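Colleague: Submitted below is the structure of interest, expressed as structure tokens.
The values are calculated or read from the model by the stated rules, or taken from the named source; none is laboratory data. All values derive from a computational prediction rather than experimental measurement. Cβ: placed from backbone, ideal geometry, glycine included. Neighbour counts: every protein chain shown. To get the accessible areas, we keep the full protein, side chains included, count just its heavy atoms, and leave off ligands, DNA and RNA. Shrake-Rupley method; radii C 1.70, N 1.55, O 1.52, S 1.80 Å.
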Amino acid sequence: MHTLRTLQLKTFPCLHVAIGLTMIGLNFVSSACVASAQTMAPAVVKVDPASGTVFRLDGGDATYAFGVNQRGELQQIYWGGKVAAGDPIPAATVGIEWASFDSSYNNTPQEYASWGAGLFQEAALKVTFADGNRDLVLHYVSSTKPDAHSIEVKLKDISRAVTVTLHYKIDPETGILARSATIENGEPKPILLEQAAAASYTLPPAHYTLNYLTGRWAGEWTLNSEAIHGGERVIESRRGTTGHQANPWFAIGRGDADEEHGETWFGALAWSGSWRIVIEQDQLDKVRVTGGYNPFDFGYQLKPGEKLDTPIFYAGYSDHGFGGASRLLARFTLAQVLPRAPNPKPRPVIYNSWEATEMNVTEAGQEALAEKAAALGIDRFVMDDGWFGQRKTDHAGLGDWYVNKEKFPNGLKPLIDKVHSLGMDFGLWVEPEMVNPDSDLYRKHPDWVLNFPGRPRNEERTQLVLNLARPDVRAYVFGFLDKLLSENQIAFLKWDYNRNWSEPGWDQVPVEEQKEVYVKFIQNLYSILAELRAKHPGIEIESCSGGGGRVDLGILHYTDEVWPSDNTDPLDRLTQQDGFTRAYPTQVMLSWVTDSPHWMNNRATSLTYRLLVSMEGALGIGANLNKWTDEDSATAKRLIAAYHQVQKTVVQGDLYRLISPTNGSEFTATEMVSPDRSQAVLFTYVHATQEGRGFPNLELLGLDPDATYTLTSIEGKTLPGTPAAASGAWWMRHGIDVNLRGDFQAAAFRFDRK
Ligand code: GLA
């Protein structure tokens, strides 16, 4: 016989009224029943007034509410489109018990579920105590409100002195929540954390589509789209780093949500080490998203009095589909995450010599390229791999960060002076966390690398990973970078990271602390970046990892741009850029124009096409300028100048994917609109015209319907009859007809409000 029953709720009279309601920001509502602040509507659900607390956060177009249920657990109450300030938020009520198999604890949308009390779903926290007890049940203790947009909620185990402080901060503009947790051991003996997430988010039962990004080296940013069914979809990295293979981002659309319509929930984890996001549809069809440290091979010991902070798991809501979600996240990243937020400058146009010279860099060769780059209107000249130690191939030199005297007999100064005299600033490639066994550093400190002594080890690209968790390694890495920046006028570092971890041993610390490497390595990476930036405030940094292997909102708090892929084939880049911009802003999306035919696909494309593809992000040139004709240089110079005129709109405006190149589309069309709607830029691409089909009519989005916009060609033509100026309504309703046919053709236009 079924034992299904609904929990009987104790009823109490409504004791408090909502206090401190504001339209935007955090509303901290202490109540036994949270009724309308204005109407004082009667309570819908009653809870024990001793522990009864409901918290409500409003920002942008979203509301998030959670509260303490009758048992004392913290659970989500509502997350979605903004509700009216006076709307009643029901008190938290525990979930039902589903027969004798799924307890009420399982069916309650816990804000931070600890493993204990018979939890079968994804736990946010799992602990082993010194006495072998592994049961942990967190109950609400107290809350504090550090500022108008934040709240901190303290939870504690029902009997033991383990506390978790949940941090919540809502962005008033976008409604994006920043959630993280601090776990503290108040027990007299150490505890072992086996699983520690930053947050869990719950969505109501519905039909959903999950979008997420996967890939591989030179094939990053593939968009996957699938229905959410019962069970778990895990996206993760076990590699010690973010990884090319999956990116810590998700977007979930409800029902028929599409690019521009429908409810969408999305999020991104700010962590550059092993990470995991689990999307789980539970036994009662609720969807939960839990993200944080990857529990695989995880183990973090907290001694008495010690704490562990988790990364931040950002999440937001849009009712403008997947496009709306990516626009909110981009705006948030620009305003809140990047090191120069809220007003990062558009990126300088760079020249990088990697594809032209690889490691064969010399003073004369670099200077010759610098002269050619300057003539194009390039702002920054970057010397890539090969300038240091005994670096001739990738078999030697990493770790020895002195200038190679054969290649640069007088150090870097003559080249840097030359670059400055040409009106550009200077950037340099480094790969600080790596060492080649064939290096002075390794010969001196063979114990500095991650490995399990006595075991074989992988030497991918003949290099090993320095154990940055070690204080002496951290000091060495900071020291050489600080010296490099102090002794040379370097404006920019391209910070590379060309392999993932294998055999991640750290045998110099006690066994029970060795797995802490997963956390401490990344903490030290971030602290080096922060300290370098503090000491050299002008420095700008790119995060590169053999392409897009280290792109996440954690590293983007310390770096100004990222290298999305070593694959610079323009057609591939269109799809990659489509995937990339779902999670990250074009501001940080470096995109080089390189040589044709492309080394990877052997595809020949025009220089104009390549330039227009790269102009969708932070434009760079990575071609061998020694092979360029005068005509090539003139084309690049003209388009670089045109790019500068619209760059702020392109990299900081709202991005609309009018036609996505995914799913075998013949065309791509991307539009960016400046936040004040005074300018729009349209990029159009045809991959291969078939059966004479012309370019589809494009109805623009995001313009001011009542304003007049003039149309200017950046490159390419429209069909006869296209007006030179028309209202926003015309461009959005009638649209624009671009005259584009052939293979790998591109055109771009700008619209300026009169
Ligand atoms: C990685 C980067 C490249 C280049 C090389 C240098 O592959 O992604 O852009 O810097 O390293 O070795």
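Colleague: State all residues of the range 515-536 that are open to solvent by less than 40 Å² (accessible area, probe 1.4 Å) and of a type outside the set (S, T, Y); if no residue qualifies, say none.
Modeller: E516, V517, V519, F521, I522, N524, L525, I528, L529, L532, R533, H536
Listed here are the residues, each with its yes/no results for (1) closer than 30 Å to G219 by Cα; (2) away from the ligand (no atom under 16 Å from the Cβ); (3) of a type in the set (S, T, Y); (4) modelled with pLDDT of 95 or more.
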| residue | (1), (2), (3), (4) |
| --- | --- |
| R470 | no, yes, no, yes |
| E512 | no, yes, no, yes |
| E531 | no, yes, no, yes |
| P537 | no, yes, no, yes |
| H557 | yes, yes, no, yes |
| N567 | yes, no, no, yes |
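Colleague: Would you mention how many residues in the range 539-553 are more than 16 Å from the ligand (Cβ to nearest atom) and open to solvent by less than 10 Å² (accessible area, probe 1.4 Å)?
Modeller: 3
Colleague: Okay, next question. Residue check, A604 against (1) within 20 Å of the chain's Cα centre (by Cα); (2) open to solvent by 40 Å² or more (accessible area, probe 1.4 Å), all met but one. Which one?
Modeller: Evaluating A604 over (1) within 20 Å of the chain's Cα centre (by Cα); (2) open to solvent by 40 Å² or more (accessible area, probe 1.4 Å) leaves (1) as the failure.
Colleague: Also: Which numbered condition in (1) open to solvent by 40 Å² or more (accessible area, probe 1.4 Å); (2) within 26 Å of G554 (Cα to Cα) is the only one that L203 fails?
Modeller: Checking L203 against (1) open to solvent by 40 Å² or more (accessible area, probe 1.4 Å); (2) within 26 Å of G554 (Cα to Cα), the one that fails is (1).
Colleague: Looking at the range 322-338, which of its residues are under 19 Å from Y526 (Cβ atoms) and crowded, with 22+ Cβ neighbours inside 10 Å?
Modeller: T333, V337
Colleague: Still on this model: Going by what's in this entry, would T708 be described as under 26 Å from the mean Cα position of the chain (by Cα) and of a type in the set (S, T, N, Q)?
Modeller: no
So that you can scan it fast, the table gives a plain yes or no per residue for (1) without any contact (Cβ under 8 Å) to a residue 24 or more places away in the chain; (2) outside any loop (DSSP other than H, G, I, E, B); (3) at negative phi:
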residue: S633; (1), (2), (3): no, yes, yes
residue: L639; (1), (2), (3): no, yes, yes
residue: V646; (1), (2), (3): no, yes, yes
residue: V650; (1), (2), (3): no, yes, yes
residue: L655; (1), (2), (3): no, yes, yes
residue: P661; (1), (2), (3): no, no, yes
residue: E671; (1), (2), (3): no, yes, yes
residue: D676; (1), (2), (3): yes, no, yes
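Colleague: Moving to a separate point now. Tell me whether the range 173-192 contains one or more residues that are farther than 13 Å from L74 by Cα, free of Cβ contacts under 8 Å to residues at least 24 places away in the same chain and either open to solvent by 50 Å² or more (accessible area, probe 1.4 Å) or over 25 Å from the mean Cα position of the chain (by Cα) (or both).
Modeller: no
Colleague: Next question, about the same structure. In contact with a helix residue (DSSP H, G or I) (Cβ under 6 Å, 6 or more places away or on another chain), part of a helix (DSSP H, G or I) and open to solvent by less than 60 Å² (accessible area, probe 1.4 Å): is that true of L468 in this structure?
Modeller: Against the criterion (in contact with a helix residue (DSSP H, G or I) (Cβ under 6 Å, 6 or more places away or on another chain), part of a helix (DSSP H, G or I) and open to solvent by less than 60 Å² (accessible area, probe 1.4 Å)), L468 does not qualify.
Colleague: Now for a different question. Give W429, W401 a once-over and let me know the one that is within 15 Å of the ligand (Cβ to nearest atom), open to solvent by 10 Å² or more (accessible area, probe 1.4 Å) and either part of a loop (DSSP other than H, G, I, E, B) or not polar (S, T, N, Q) (or both).
Modeller: Result of the check over W429, W401: W401.
Colleague: I would also like to ask the following. Report yes if G505 is over 29 Å from the mean Cα position of the chain (by Cα), over 25 Å from H536 (Cβ atoms) and either assigned to a helix (DSSP H, G or I) or more than 16 Å from the ligand (Cβ to nearest atom) (or both), otherwise no.
Modeller: Against the criterion (over 29 Å from the mean Cα position of the chain (by Cα), over 25 Å from H536 (Cβ atoms) and either assigned to a helix (DSSP H, G or I) or more than 16 Å from the ligand (Cβ to nearest atom) (or both)), G505 does not qualify.
Colleague: Take D595 and decide whether it is open to solvent by 10 Å² or more (accessible area, probe 1.4 Å), outside any helix (DSSP H, G or I), in contact with a Lys or Arg (Cβ under 9 Å, 6 or more places away or on another chain) and among the charged types (D, E, K, R).
Modeller: Here the answer is yes, as D595 does meet what is asked.
Colleague: Something else now. Go through the residues of the range 492-502 one by one and say whether even a single one is farther than 21 Å from T241 by Cβ, among the polar types (S, T, N, Q) and modelled with pLDDT of 95 or more.
Modeller: Scanning the range 492-502, I find no residue that is farther than 21 Å from T241 by Cβ, among the polar types (S, T, N, Q) and modelled with pLDDT of 95 or more, so the answer is no.
Colleague: Name the pairs: first residue in the range 707-725 and touching a residue at least 60 places away in the same chain (Cβ under 8 Å), second residue small (G, A, S), Cβ to Cβ under 9 Å, at least 6 apart or on different chains?
Modeller: Between residues of the range 707-725 that are touching a residue at least 60 places away in the same chain (Cβ under 8 Å) and residues that are small (G, A, S), the close pairs are I714/A642; I714/A747; I714/A748; E715/A642; E715/A746; E715/A747; E715/A748.
Colleague: Filter the range 369-391 down to residues that are of a type in the set (D, E, K, R) and either without any contact (Cβ under 8 Å) to a residue 24 or more places away in the chain or within 12 Å of the ligand (Cβ to nearest atom) (or both), then give me how many there are.
Modeller: Summing the residues that are of a type in the set (D, E, K, R) and either without any contact (Cβ under 8 Å) to a residue 24 or more places away in the chain or within 12 Å of the ligand (Cβ to nearest atom) (or both) in the range 369-391 gives 3.
Colleague: Continuing with this model, one more query. Out of the residues in the range 349-368 that are crowded, with 19+ Cβ neighbours inside 10 Å and part of a loop (DSSP other than H, G, I, E, B), state the one that is farthest from the ligand (Cβ to nearest atom).
Modeller: V349
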